[in-house]
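Handing you a structure now.
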Amino acid sequence: MITTVLAFLLTLGVLIVIHEYGHYRVAVACGVKVLRFSVGFGKVIWRRQSSPDATEFVLCALPLGGYVRMLDEREGGVLPSQLHQTFNRQPLGRRAAIVAAGPLANLALAVLLYAAAHWIGIDEPKAVLGPPVAQSAAERAGLRSGDWVRALATPGGEWQDVHSMTDLRWEVTQAALRQEKLELQVSRRDGGGSRTVVLDLSGLATREVDAQLMRTIGLGSPYSEPVLGDVKAGGPAAMAGLLTGDRVLKVDDTAIQDAQTLRERIRAAVREGRAQPQVWQVERSGQVLSVTVTPRVATDAAANDGKGASVGRIDAFVGQPPAMVTVRHGPIDGLALGVTRTWEVSSLTVTMLGRMLVGEASIKNLSGPLTIADYAGQSVSQGLAYYLGFLALVSVSLGVLNLLPLPMLDGGHLMYYIFEAVTGRPPSDLWLARLQRGGIAVLMLMMSVALYNDVARLLGAN
């Protein structure tokens, strides 16, 4: 819990400081006097000012944002000698540059963070597939358990290497949102038997970008060997004589090629509320043994659309951890990938916001501070490279969100400047007040939906 809170505060602190520093740095470069640089709102808990005429830097009690206050005639009296330092008297181009600098600073930070994660290297599951979901796009494409995806391309496009399961899922997600086909070069786990398959995502309905999307496409967990891990004393597996390291070859008449298939057979051992005995063939120290296993009956609350269902359990860890690969890139390639990933995530964010606006995507995709805090804690526990990647993702989201043409956001001010550039005059005070009220209403609605989604996810209802 403490790690999650600290990671969340660090995430907010870094992103807010970078965003506001973008505004501050460009304002100073344009000759605008900056009165205050604030991280957070509310009561000031730390303050620094080198001289009465210098910028005041403050840290406030509520760290959910920040601001840069510039000298402006619309907010109070200004000495005649300082009129040239006011924001409102700057040429249109300078005002636009100052406003845009915050979101652009977040996007630039994301590039560097993604690049740093690539330079450090991340241990990720190898792109070896588990069994495809029945009647899914992956099964129709001819993908099989144990297939190793080596490269992919859009029809007629250039082939690009697939470094890990994360790479594969990212590219498949983008293809699903574009509703297009993907060509995959696959081989067996040992590298032999290369072939090309076509994953047709053109008719796929995608309202939510989450783990369910991968299951809909048919790409579940990475391939895992059907080998038993820790066996709990007194459980069905132990009572049947199973041991850690046993490789399961068959369950009744079903050949077992991967851990996922074995889990499904165990779960399906319950009929009409009673567990059915199963005959297992296992390999142990080079010998093939036959044992009878009777799973116990348990309730899976998440099954049957949340209504719960009786399933089998053997009280043993089923499957070995998936094969891992370290994905690391050099300075130039890492930076180039940072630019590419920032652009792709920005484009995906805008696409999903647009689809939510017209009802083609679920508003469940909106996340708020609770989800961010949860993911921050998880990424920190996985290592520095994972946390940097998470920080980059949130930085992109913050940059894109602030560029939306909504009053109260930087994008709303840029919208006013576009109007001024076209008409030669700024919007009237009456329209500014109306747009401000509308913008506040939209932002409050978005925040309420995001917070509701956060709570629903924590309660397991979303």
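Looking at the stretch 145-180, which of its residues are of a type in the set (S, T, N, Q), at pLDDT 85 or above and surrounded by 18 or more Cβ atoms within 10 Å (Cβ to Cβ)?
SER145, SER164
Among the listed residues PRO427, PRO407, identify the single one that is touching an Asp or Glu at 6+ places or on another chain (Cβ under 9 Å), under 27 Å from HIS19 (Cα atoms) and modelled with pLDDT of 80 or more. First the steps, then the outcome.
Working: PRO407 fails: touching an Asp or Glu at 6+ places or on another chain (Cβ under 9 Å).
That would be PRO427, the only listed residue that is touching an Asp or Glu at 6+ places or on another chain (Cβ under 9 Å), under 27 Å from HIS19 (Cα atoms) and modelled with pLDDT of 80 or more.
Go through the stretch 265-276 and give me each residue that's farther than 13 Å from ASP253 by Cα, surrounded by 13 or more Cβ atoms within 10 Å (Cβ to Cβ) and of a type outside the set (Val, Ile, Thr).
Correct list: ARG267, ALA268, ALA269, ALA275, GLN276.
Out of GLY157, GLY102, which single residue is in the same structural domain as SER379 (by TED's automatic domain parsing) and either more than 27 Å from ILE332 (Cβ to Cβ) or part of a loop (DSSP other than H, G, I, E, B) (or both)?
GLY102
Now a separate question. Of all residues in the stretch 248-265, how many are modelled with pLDDT of 90 or more, closer than 15 Å to THR292 by Cα and touching a helix residue (DSSP H, G or I) at 6+ places or on another chain (Cβ under 9 Å)?
Matching residues across the stretch 248-265 total 3.
Moving on. Only one residue in LEU64, LEU83, LEU112 is in contact (Cβ under 8 Å) with a residue 60 or more places away in the chain, assigned to a helix (DSSP H, G or I), of a type in the set (A, V, I, L, M) and not assigned by TED's automatic domain parsing to the domain that holds SER187. Which one? Walk me through it before giving the result.
Working: LEU64 fails: assigned to a helix (DSSP H, G or I); LEU83 fails: in contact (Cβ under 8 Å) with a residue 60 or more places away in the chain.
The unique qualifying residue is LEU112.
Quick check, is GLY40 on the phi > 0 side of the Ramachandran plot and touching a strand residue (DSSP E or B) at 6+ places or on another chain (Cβ under 6 Å)? Quick ask: steps written out before the conclusion?
Working: on the phi > 0 side of the Ramachandran plot: yes; touching a strand residue (DSSP E or B) at 6+ places or on another chain (Cβ under 6 Å): yes.
Judged against the criteria, GLY40 is a match.
Residue check, PHE87 against (1) within 17 Å of VAL34 (Cβ to Cβ); (2) touching a His at 6+ places or on another chain (Cβ under 9 Å); (3) buried (at least 21 other Cβ atoms within 10 Å of the Cβ), all met but one. Which one?
So the condition that PHE87 fails would be (2).
Oh, and also: Name the one entry in PHE37, PHE41 that is within 25 Å of ALA96 (Cα to Cα), aromatic (Phe, Trp, Tyr) and surrounded by fewer than 18 Cβ atoms within 10 Å (Cβ to Cβ).
PHE41
Could you list all residues from the stretch 217-236 that are in contact with a strand residue (DSSP E or B) (Cβ under 6 Å, 6 or more places away or on another chain) and more than 23 Å from ARG296 (Cβ to Cβ)?
Of everything in the stretch 217-236, those that are in contact with a strand residue (DSSP E or B) (Cβ under 6 Å, 6 or more places away or on another chain) and more than 23 Å from ARG296 (Cβ to Cβ) turn out to be PRO222, TYR223.
Now for a different question. I'm told HIS23 meets every condition in (1) at pLDDT 90 or above; (2) part of a loop (DSSP other than H, G, I, E, B); (3) not charged (D, E, K, R) except one. Can you identify the failing condition by its number?
(2)
Further question on the same structure: Return the only residue of GLY102, GLY40, GLY31 being among the small types (Gly, Ala, Ser), in contact (Cβ under 8 Å) with a residue 24 or more places away in the chain and touching an Asp or Glu at 6+ places or on another chain (Cβ under 9 Å). Please lay out each step first, then the result.
Values: GLY40 fails: touching an Asp or Glu at 6+ places or on another chain (Cβ under 9 Å); GLY31 fails: touching an Asp or Glu at 6+ places or on another chain (Cβ under 9 Å).
Exactly one residue qualifies, and that residue is GLY102.
Separate question: Run down TYR67, TYR114 and say which single residue is surrounded by 15 or more Cβ atoms within 10 Å (Cβ to Cβ), under 16 Å from VAL339 (Cα atoms) and of a type outside the set (Gly, Ala, Ser).
So the residue among TYR67, TYR114 that is surrounded by 15 or more Cβ atoms within 10 Å (Cβ to Cβ), under 16 Å from VAL339 (Cα atoms) and of a type outside the set (Gly, Ala, Ser) is TYR114.
The values are calculated or read from the model by the stated rules, or taken from the named source; none is laboratory data. Since we're looking at a predicted model, the values are computed, not measured. We place every Cβ from the backbone using ideal geometry, glycine too, and count neighbours over all the protein chains shown.
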